[in-house]
Amino acid sequence: MAGLPPACINLVKANEFWFRYMTPETEKICLPKQVKKHDGYGDDSKLWSNSIKSNFNRVQADTLKRMKNIAYNKMYSLLQDPGFLALLRAKEMNQNAVLKYVGESITAVEAYYMHAESWKAVSFPFGQSHSL
């Protein structure tokens, strides 16, 4: 059996980007067209299902690896930032304030890098032509 069709791979990437987990319902959406016409009960549906899960896990692992890389670099730079250090040293440290400070320090380029695999599933011309 060949690999998943590109449309199915893009659905897997989009699912990982939006939901971060694969439900049986979203798994059925990602199945190739020829499997769906048998209502997911064909002999090969288990093989396709395993392929979908494998692709999902790969995309998720790549995303988490990139997030970890950004987190290491971000924490190194934030530990040089006097404003961040003041938040950490406060008598009653506000965890939400610390998280907000870290979140606001993430740039658009870093966010794009973290989700680079998922962005490959996005059709920017389609979104622009439909005012999304």
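Brief remarks follow.
- Only one of the numbered conditions (1) at pLDDT 85 or above; (2) out of contact with any Ser or Thr (no Cβ under 7 Å at 6 or more places or on another chain) is violated by residue 78, and that is (2).
- Residues in the stretch 113-132 that are surrounded by fewer than 11 Cβ atoms within 10 Å (Cβ to Cβ) and assigned to a helix (DSSP H, G or I) were compared, and the one that is modelled with the lowest pLDDT is 127.
- With respect to the conditions (1) assigned to a loop (DSSP other than H, G, I, E, B); (2) modelled with pLDDT of 85 or more, residue 38 falls short on a single one, namely (2).
- Qualifying positions in the stretch 52-72 - among the hydroxyl-bearing types (Ser, Thr, Tyr) and farther than 21 Å from residue 33 by Cβ: 63, 72
- Qualifying position, being outside any helix (DSSP H, G or I), among the acidic types (Asp, Glu) and either in contact (Cβ under 8 Å) with a residue 40 or more places away in the chain or out of contact with any Ser or Thr (no Cβ under 6 Å at 6 or more places or on another chain) (or both), among 110, 92, 104, 16: 92
- Within the span defined as the stretch 86-97, every residue fails to be of a type in the set (Asp, Glu) and surrounded by 11 or more Cβ atoms within 10 Å (Cβ to Cβ).
- Residue in the stretch 44-58 that is among the aliphatic types (A, V, I, L, M), in contact (Cβ under 8 Å) with a residue 40 or more places away in the chain and more than 25 Å from residue 122 (Cα to Cα) present: yes
- Single condition residue 103 does not satisfy, out of (1) small (Gly, Ala, Ser); (2) at pLDDT 90 or above; (3) on the phi > 0 side of the Ramachandran plot: (3)
The values are calculated or read from the model by the stated rules, or taken from the named source; none is laboratory data. What you are looking at is a predicted structure, and each value in this text was computed from that prediction instead of being measured. Ideal geometry is used to build each Cβ from the backbone, glycine not excepted, and the neighbour counts take in all protein chains shown.
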